[in-house]
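Comments concern the structure below.
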Amino acid sequence: MTADVTLATHEVRWGVGGVLMVDGVTLAAEPGRVLGLIGPNGSGKSSLLRLMARLRKVSSGVVTLGDANIDALPRRAFARRVALVEQQTTTEAALTVQDVVRLGRTPHRGPLSAWTSDDAAAVDTALEQVGLADRRERLWHSLSGGERQRAHIARALAQCPSELLLDEPTNHLDIRHQLDILALIRRLPVTSVVALHDLNLAALFCDRLAVLHQGKLARVGTPDEVLTEELIETVFGVQASVERSPRHGRLQVHYLMG
Amino acid sequence: MGKPVAVALLALAALGFAIALAASIGEMTIPLEIIVKTVGNRLFGTAFPLNRIQEGVVWDYRLSRALVAACCGGALAVSGVILQALLRNPLAEPYVLGISAGASTGAVLVMIAGIGGGALSLSGGAFLGAVAAIALVGLLAMGSGGGSDRVLLAGVAGSQLFNAMTSYIVTTSANAEQARGVLFWLLGNLGGVRWPDVGLAAPVALGGFVVAMLHARALDAFAFGADAAASLGVPVRRVRLVLFALTAAMTAAMVGIVGSIGFVGLVIPHAARFLVGQGHARLLPAALMIGAVFLVLADILSRILVAQQVLPVGVVTALFGAPAFAVILYRARRPL
């Protein structure tokens, strides 16, 4: 994990069916920090994450990892560096937590290579990091939403990535699990890019925020620089008052009823 | 390392025993000892004195038939495992998705309508039919927004269409005798099978299995969908292309030889999962062996269930498969 090599987009554009979803975004993650992507529904957060994860090809512009264009990297080499946690994906297969996390070793193994002690160690570490080591034999279907999301994060960590991309990892979770997952992401020794809906959670857990609006980057900076009353009104179309919390010193957004 | 080898040997022994049984049971029951001696004489240059008629029945008819049944059952079960993993649907298999129906239409076009003017073999016609069916089902499914439920609906539509086309060709172009032959063949018939058929079925089944095994990790990675597989470094488009073509080829080769046999591809993968779990490195060989043994046994049953008469083997597999299908449907239900 080289600390100064990181994922960045340069004038990236991408659309589907003639509609431009991502429109000229230039953005770089800071090594070891949490970058939050915020913006209303359809603002291009998920699309941008997918471009950074190389799941979709940019129509123009480039995504780079360090000095390299990610399209030029071999698929498996890229998957050893960048891991993605999708929104709420599930499976019909009767897999255990351990089976799911072991999938994270796929890019480290050839089609015929055996399971090594490195693989086992990576899986153990990942399970420890997300706090599921004692539930490794549990079946996927018996897990709660929060546990499933942790299992997905552990699977991503088993890839041993330097960059972790997460698409609304707190969606559909209760508030305790939301705080739990975000605190976990903050603790991880990787660079993360997290798409989030909740502005207060974004202010609480992210080092920097990038605001997307209609596919364009509206603003990027620390939560203090980004979360202003004017921006919330222009981008989200709601009236809000932003104050600094006397409890944790972070910004706090109060929505005002019209 | 000892355990997998032991399990593999055990499975091979079970298959060998099933094949020997198939060679022994029939209108004329031939003792297992004769079967072993026949194989010895033909393959290992032993010189046991044997009744020439018995030796001929065992070698020329029953053993070739049992070997084709084994290849066919194995290949269909492996195809089922692949389709269920790629489409993430427990009900996917060549028969349900209309691939067998497409292969039948292709084969019937060659057999009765004489398409290809002799340049196209029955198996070639079946392969083109299977590819056409996969393409049609794929287009229908994607056109309707994708998703594994849509693929199944598209498969049902595709099978209906291809079955209708087959019936149309048979009714309009075939004479009475051809029609009877085709009908029997469509339900799965191992009657006319001889050694040259083994020469096609065995390489296709074993080769298909080896290619599938090389993709075992990739199939595991599809558990959470194509994007999840791609983010694990799996070349999704290439894997899909190779494996869909592989299932088309395996299904087509088997349909070309024995007609379309349902439910093996559906039921056997689930039975195999029940025994060895979800990992494809173990699931694929398990499905291959269980499918092979299952179809050899089904063929024996098809010959002894009704005295003096041979049932199409597809009828026997469906008699067992339909209730199993119901159980799978019940287990795959979503919690309310």
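Nothing in this text is a laboratory measurement; each read-out follows from the coordinates by a stated rule. Everything numeric in this text was worked out from a predicted model, so none of it was measured. Here the Cβ is made from the backbone with ideal geometry for all residues, glycine too, and neighbour counts use every protein chain on show.
When restricted to Cα atoms, chain B yields an Rg and a Dmax of 20.1, 67 Å, respectively. Among A:210-221, B:255-266, sorting by the average number of other beta carbon atoms lying within 10 angstrom of each residue, highest first, gives B:255-266, A:210-221. Which of the three applies to the range A:202-258, rounded, prolate or oblate, going by the alpha-carbon gyration tensor with a ≥ b ≥ c and a/c under 1.5 meaning rounded? Oblate. Inter-chain Cβ neighbour count for A:151-161, averaged per residue, equals 1 (cutoff 10 Å, partner chain atoms only). With R₀ set to 25 Å, the beta-carbon distance separating A:Lys216 from A:Gln87 gives a calculated FRET efficiency near 0.65.
Springs between Cα atoms under 10 Å define the GNM used for chain A, and in it the highest mean-square fluctuation of A:Pro223, A:Pro107, A:Pro169 occurs at A:Pro107. Taking a straight line from the alpha carbon of A:Lys45, these lysines sit under 24 Å away, with near neighbours fewer than eight places off in the same chain left out: A:Lys57, A:Lys216. Shape descriptor for the range A:30-150: Rg over Rh equals 0.99 (Cα atoms; Rh from the Kirkwood inverse mean 1/r). Across peptide A:75-82, the average count of Cβ atoms from other chains found within 10 Å of a residue's Cβ is 3. Beta bridges per DSSP, both residues in the protein assembly as shown: antiparallel share near 60 percent.
When you count the other C-beta atoms within 10 angstrom of each residue and take the mean per peptide, B:69-75, B:245-251, A:171-177, B:14-20 line up highest first as B:69-75, B:245-251, B:14-20, A:171-177.
Counting Cβ atoms of other protein chains within 10 Å of each Cβ in B:230-240 and taking the mean gives 6.
Here, the protein assembly as shown has an Rg and a Dmax of 29.0, 102 Å when only alpha carbons are counted.
Extension gain, B:Ser121-B:Asp227: 0.36 nm per intervening residue step, less the Cα-Cα distance, totals 34.3 nm.
Fewest-first ordering of A:Asp71, A:Asp207 by other beta carbons within 10 Å of each residue's beta carbon gives A:Asp71, A:Asp207. Listed peptides A:244-250, A:234-240 appear in the order A:234-240, A:244-250 once ranked by packing, highest mean of other Cβ atoms within 10 Å at the front. Expressed in units of 2.2 N^0.38 Å, where N is the residue count, the Cα radius of gyration of the range B:62-113 is 1.37. Label reach from A:Leu179 (point 7 Å along Cα→C-beta): in the range A:232-251, amide nitrogens under 17 Å belong to A:245-251.
In terms of the Cα gyration tensor, with a ≥ b ≥ c the square roots of its eigenvalues, is chain A rounded because a/c is under 1.5, prolate because a/b exceeds b/c, or oblate? Taking the square roots of the gyration eigenvalues as a ≥ b ≥ c, chain A is oblate.
The residues neighbouring B:Gly40, those whose beta-carbon lies less than 15 Å from its own, together hold a net charge of 0 under the Lys/Arg +1, Asp/Glu -1 convention.
Seen from A:Ser46, the other residues with C-beta closer than 13 Å to its C-beta sum to a net charge of -1, counting Lys and Arg as +1 and Asp and Glu as -1.
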